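Read the figures in this text as sums done on the coordinates, not as results from a lab. Only a predicted model underlies this, so the values are computations on that prediction, with no experimental measurement involved. Every residue, glycine as well, gets a Cβ built from its backbone with ideal geometry; the counts of neighbours run over all protein chains shown.
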Amino acid sequence: MGIDGEPHPHWWRRLLWLLAAVGALLVAASLLAPWVLGHDVSFAGSPIRNYIDVNGEANLPTWWSTTLLALAGVFSAAVGIVHRATGESGAFRWAVMAVLFLAMSVDEFTRVHDRIQHAWRALFGADPFTSIEWMLILIPVALVVAVAVLLLVRPLPRVPKVLLAIGGACYVLGAVGVDALAGAGLPLLDSGTMGRFLLLNLEELGEFVGAAFFVVFPLSAFSLSVTRHGAVTLELTSRAGAETA
């Protein structure tokens, strides 16, 4: 970390590792639960398992994922406010990212995509798309959003763009790619099987890691400096670079 005012642009790395490690521990707890608690992979009637089930609702993993996405939204909004206060361009860009992350947090908590799936089944029936109906609606929307985000963040420095790209890839592969594989109709991945259980945990791991990258994405817009007297300052990376030049 920078001493006596020396900027440290990658100060957020430890936080990234910490957030990713917590997500991995939650998935590990969910994976080990069948053997520790003596239940099969359905975990029927196990309140402890339900509390740590990464594929469950209104439990610890859901709270963690929702919190990460909400933090990404709040931090993005803060970056936008700083841009506006300092006269830097890009406040609108960060405001849009804040709204996007907060919307993802709300979806994670309220399971809007599951409600869309239920509505699809009510209108058109379950066949022939089994468990991936909601993706037929959300994938085109996600592609439009992805293209819009790519155009939106294009002026950003390389590091924030790389963090966002890695986070997006992990999150989408977890949320969409794994679900598509689960809906492929393979007997090995049928509901209640060990294959399906492992696949769902892999899905959540991807989402946890992706959300961790989302949190540090806006933080990477700042350089951090610490003096020997303990004074901490944050400065926009673009502004610091301009002053250095």
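Peptides 150-156, 70-76 ordered by packing proxy, namely the average of other Cβ atoms within 10 Å per residue, highest first: 70-76, 150-156. Amide H contacts under 5 Å for Phe222: Thr237, restricted to partners 5 or more places along the chain or on a different chain, H placed in the peptide plane at 1.01 Å from N. For the peptides 27-34, 141-148, 218-225, the ranking by mean Cβ contacts within 10 Å, running from highest to lowest, is 218-225, 27-34, 141-148. Potential lengthening of the chain between Ala142 and Ile48 amounts to 30.4 nm, from the contour at 0.36 nm per residue minus the alpha-carbon distance. Per-residue Cβ neighbour counts within 10 Å put Tyr51, Tyr171 in the sequence Tyr51, Tyr171, beginning with the fewest. Sequentially through the stretch 58-69, phi angles give Karplus couplings (6.51, -1.76, 1.60; θ = phi - 60°) of 6, 9, 4, x, 5, 4, 5, 5, 4, 5, 4, 5 Hz, Gly and Pro residues having no value and appearing as x.
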